[in-house]
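Worksheet: one structure, shown below.
The values are calculated or read from the model by the stated rules, or taken from the named source; none is laboratory data. Here the structure is a predicted model, which means the values were calculated and not measured. Methodologically, a virtual Cβ is constructed for each residue, glycine included, from the backbone with ideal geometry; neighbour enumeration extends over all protein chains shown.
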Amino acid sequence: MGKPILYGMEISTVVRSVLMVAKAIDLDIEYREIDLFAGDHLKEEYLKMNPQHTIPTLDDNGEYLWESHAIAPYLVEKYAKDDSLFPKNDIRKRARINQCLHFDNGVLYERCILNIVMPVYTENKLTISPETIDNVNKAYEHMEKFLEKDLYLVRGSLTIADLACGASISALFEFVPADPAKYPKLHAWFERIKALPYYKEANEKGNIAYIKKVRDVMAKGKQ
Ligand SMILES: N[C@@H](CCC(=O)N[C@@H](CS)C(=O)NCC(=O)O)C(=O)O
């Protein structure tokens, strides 16, 4: 059996969340960069693996899987030495983790990040709209509540939900800063995510490049 191969771009939050999961479970994966700006994802070989042409895509010895929120549980279930990031037998905890993964996908990624980044590329919108800022703050409020009683999103320990939301929040905090006085639990949780030993390599590096890329496009458009 060969190593699983992950196709992605480090600037993508959803790719970085999977890279953090791989590091968290100490999984040796081969990472291959796909350049969306060069159209690598629309080439025939890529479409054969993932007709939806999104990143990340996992090639696990010829079994293809895309959608980061499906890849993360799959990697833990198949490869992790212990199941703490996505417990096999605790049905309620699994359900809460799934709930947070859907929150990440449907709210943080789709409703917040895409509303900031896509308009920059597709409509040349160089400022973040007040509606989007409002929407992002609503998401911060929700997370502040989710974290009311616990150190992590699902009870007291780190799960794949924290890694998915952590990657999204790392980008959102740069675009729409969160007031620490209003969102103290959210900030404290994010500090915990940033302290993970693999955070810098698997998330921070790509996040810096991501924010720079979007800001560069914004600044160029304003010249
Ligand atoms: N919910 C998906 C989102 C995947 C997604 O849309 N990725 C973007 C990059 S961040 C992409 O591949 N866009 C290219 C395309 O849709 O053709 C996930 O978590 O994997």
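What to note about this one:
- Residues that are surrounded by 18 or more Cβ atoms within 10 Å (Cβ to Cβ), in contact (Cβ under 8 Å) with a residue 40 or more places away in the chain and part of a helix (DSSP H, G or I), drawn from region 136-161: Val136, Tyr140, Met143, Phe146, Ile160, Ala161
- Considering region 68-89, the residues that are free of Cβ contacts under 8 Å to residues at least 24 places away in the same chain and within 16 Å of the ligand (Cβ to nearest atom) include one that is surrounded by the most Cβ atoms within 10 Å (Cβ to Cβ), namely Tyr74.
- Per the listing Lys81, Lys138, the residue uniquely within 20 Å of Phe173 (Cα to Cα) and not hydrophobic (A, V, I, L, M, F, W, C) is Lys138.
- Set side by side, the residues Ile97, Ile113 differ, and just one is crowded, with 17+ Cβ neighbours inside 10 Å and either over 22 Å from Ile11 (Cα atoms) or acidic (Asp, Glu) (or both), which is Ile97.
- Selection over region 162-179 of residues that are of a type in the set (Asp, Glu) and assigned to a loop (DSSP other than H, G, I, E, B) gives a count of 1.
- You will find that of Asp104, Asp28, the residue that is outside the structural domain of Phe146 (by the TED database) and either in a loop (DSSP other than H, G, I, E, B) or within 19 Å of the chain's Cα centre (by Cα) (or both) is Asp28 and no other.
- Residue within region 21-31 that is surrounded by fewer than 18 Cβ atoms within 10 Å (Cβ to Cβ), more than 9 Å from the ligand (Cβ to nearest atom) and either farther than 24 Å from Asn207 by Cβ or touching a residue at least 40 places away in the same chain (Cβ under 8 Å) (or both) present: yes
- Check on His41, more than 28 Å from Ile133 (Cβ to Cβ), within 8 Å of the ligand (Cβ to nearest atom), assigned to a helix (DSSP H, G or I) and free of Cβ contacts under 8 Å to residues at least 60 places away in the same chain: yes
- Here Arg16 passes the criteria (1) within 10 Å of the ligand (Cβ to nearest atom); (2) without any contact (Cβ under 8 Å) to a residue 40 or more places away in the chain; (3) of a type in the set (Lys, Arg) except the one numbered (2).
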